[in-house]
Amino acid sequence: MPSIGGAQVVIALQSVSKAYPLGHFALRDIDLDVEASTTLALLGPSGCGKTTTLRLINRLIDPTAGRVLVNGRDVSTVDPIELRRGIGYVVQNAGLFPHMTARDNAETVTRLLGWPRDRRRERSAELFSLVGLDFDGIADRYPNQLSGGQQQRVGLARALAADPPLVLLDEPFGALDPITRRKLQTHFLELKASLRKTMVLVTHDVDEALRLADRIAILIDGRIAQVGSPREIRASPQTADIAELVASALDA
């Protein structure tokens with residue numbers, strides 16, 4: 001695995017661009033590294049390329065140019081199913097299967113991996129506790145019987161089920177009310193400290209990025225405008241637009 005200054009690099013985007021028909025570029029010449037056991041936030045307005053970047057990492061889409069490396073391997077040379085088995089993925093609005101109970105949703109990955117039933121159930125109970133859910137109270141409920149916060153926690157449990165070293169989160173708290181979002185952000189920080197996983201978080205919420213991430217990559221019009229720690233982003237915004245973004249978070 002490559003390293004920078006002794007730190008292991010889990011994800012590397014090298015001169016990555018993504019173009020669509022009629023010449024529209026979602027990303028242009030992106031260079032970005034994510035170090036092991038850190039959380040990188042991809043921050044920016046709608047349409048700036050955040051989710052496109054996330055989807056390139058687990059090969060839901062392929063780049064038009066450049067390379068995406070995970071653990072030193074070019075993902076274009078890796079079977080997509082094999083790649084995704086080592087990556088947890090939390091989508092917007094939880095993305096639970098409506099016809100499956102909370103427990104069955106949480107066991108989706110481990111069932112695909114062929115884990116025996118008892119081991120799956122033991123793991124799902126462990127995960128529900130980990131994400132702050134009462135297993136006995138909600139395991140047999142369907143998504144439409146759960147609150148938005150409960151659904152999002154089940155989605156997080158599903159992403160963590162097989163203990164992947166890498167977790168991708170696409171605006172996981174964006175659709176929640178402010179109080180629930182704040183509670184889940186606090187719980188996320190606790191999980192982050194205890195699990196020490198490598199995570200990439202897509203958000204358009206500046207305060208969320210500053211609070212949850214170790215490093216922030218700000219994207220504007222498909223290009224990286226600035227990368228740095230929350231402290232660096234606060235102290236030295238590199239453009240007037242970034243300064244305005246940071247000021248809006250600090251004034252909130």
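Throughout, read-outs are computed from the coordinates displayed, never taken from laboratory work. As the structure is a prediction and not an experimental result, all values here were calculated from the model. Heads up, the Cβs are rebuilt from the backbone with ideal geometry, glycines too, and the neighbour counts pull from every protein chain shown.
Values as computed for the structure displayed
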| quantity | calculated |
| --- | --- |
| The stretch 1-75 - percent relative contact order, Cα under 8 Å, separation 6 or more | 38 percent |
| Whole-Hz ³J(HN,Hα) from phi, Karplus 6.51 cos²θ - 1.76 cosθ + 1.60, for the stretch 53-63, glycine and proline x | 4, 4, 6, 5, 5, 9, 6, 5, 9, 10, x |
| Extension gain, S194 back to A240 (0.36 nm per residue minus Cα-Cα distance, nm) | 12.9 nm |
| Folded to 0 to 90 degrees: helix 117-130 orientation relative to the chain principal axis, Cα | 60 degrees |
| Which of I138, I61 has the fewest Cβ neighbours within 10 Å, and the rest in rising order | I61, I138 |
| Beta bridge orientation in the chain: antiparallel %, DSSP, nearest 5 | 55 percent |
| Ordering of 62-72, 218-228, 108-118 by packing [mean C-beta count within 10 Å, highest first] | 218-228, 62-72, 108-118 |
| Summed residue charge, Cβ within 15 Å of A102's Cβ, Lys/Arg positive, Asp/Glu negative | +2 |
| Residue order, fewest to most surrounding Cβ atoms within 10 angstrom, among Y89, Y20 | Y20, Y89 |
| Extension gain (nm, one decimal) between A162 and I81, 0.36 nm per residue minus Cα-Cα | 27.8 nm |
| Ascending count of other beta-carbon atoms within 10 Å, so fewest first, for M100, M199 | M100, M199 |
| Nearest-ten-degree value, helix 178-195 long axis tilted from longest Cα axis of the chain | 90 degrees |
| Over the chain, relative contact order from alpha-carbon pairs under 8 Å, at least 6 apart, % | 26 percent |
| Candidate lysines - alpha carbon under 28 Å from K183, same-chain residues fewer than 8 apart omitted | K50, K192, K197 |
